[in-house]
Every structure is written in C-alpha cells, then in structure tokens.
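A.B. asks: Pasting in a structure now, in structure tokens, and then I'll have a few things to ask.
Nothing in this text is a laboratory measurement; each read-out follows from the coordinates by a stated rule. As the structure is a computational prediction, the values presented were derived from the model and not from experiment. When we count neighbours, we look across all protein chains shown, and the Cβ atoms used for this are built from the backbone with ideal geometry, even at glycine.
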Amino acid sequence: MSTTFSALIWWVIPGAAVIGVLGYVLWVTKFQEKFENETTRSVTQFQRFQNSFREAAEAEAELTKESPEKGA
C-alpha cells in the first residue's frame, strides 16, 4: 500500500463521518418533525378505521337486543 493511499484513507474516513453527522443533524432539525406528524396522522386514521368496526358491532348488538329472534 502506498503512502499516498494511506494518507488518503486517513482523510476520507473522517470526512465521510463528518458528512454523515451533518446529514443526520440536518435531518433531525428539518425533517424529523414532518415524518413524526405523518406517522401520528396515519396511526390516528387507523384507529378511526378500527373504531368504525367496533361501533358497527355495538350497533348490531343493540339491534339484536331490541328485536328478539323469531321462532324461539
């Protein structure tokens, strides 16, 4: 391995690490809140979807209680 290549490695690895850290800091400061909001919105929509089935089942149970079965 040449001395030039060894010196280049000692600059490239820390340089890549610094770029990675700056990218992460940028993501945290600019974009993380957006992703969290979208996730929260998605979870809320899914919970509403689940609750619609619960409400339908409860309504059906109420109807079943009010009208007795025929032939019993």
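A.B. asks: So what's the angle, to the nearest 10 degrees on a 0 to 90 scale, between helix 32-66 and the longest Cα principal axis of the chain?
C.D. replies: 10 degrees
A.B. asks: Follow-up question, since we're still on this one. Taking the dipole about the Cα centre of the chain, with the C-beta of Lys and Arg at +1 and of Asp and Glu at -1, give me whichever of Ala61, Tyr24, Gln50 is farthest to the positive side.
C.D. replies: Tyr24
A.B. asks: So what does the Cα-only Debye profile of the chain read at q = 0.14, 0.19, 0.22 Å⁻¹, as log10 I(q)/I(0), no solvent term?
C.D. replies: -0.73, -0.88, -0.96
A.B. asks: A follow-up question, please. Treating the angle as unsigned and between 0 and 90°, give the value, to the nearest 10°, between the Cα long axis of helix 3-26 and the longest Cα principal axis of the chain.
C.D. replies: The answer is roughly 30 degrees.
A.B. asks: Based solely on its DSSP helices, what 222 nm [θ] is calculated for the chain when runs of n ≥ 4 H residues each add -39,500 (n - 2.57) and the sum is averaged over all residues, nearest 500 deg cm²/dmol?
C.D. replies: Calculated mean residue ellipticity at 222 nm is -29500 deg cm²/dmol.
A.B. asks: Could you calculate the contour length gain from Ser42 to Ala56, that is, 0.36 nm times the residue separation minus the distance between their Cα atoms, to one decimal place in nm?
C.D. replies: Separation in residues times 0.36 nm, less the Cα-Cα distance, equals 2.9 nm.
A.B. asks: Once the other residues with Cβ under 12 Å from the Cβ of Ala59 are scored (Lys, Arg +1; Asp, Glu -1), what is the net sum?
C.D. replies: -3
A.B. asks: What distance in nm separates the two pseudo spin-label positions at Phe49 and Ser6, each 7 Å out from Cα along the beta-carbon direction?
C.D. replies: Result for the modelled spin labels: 5.9 nm.
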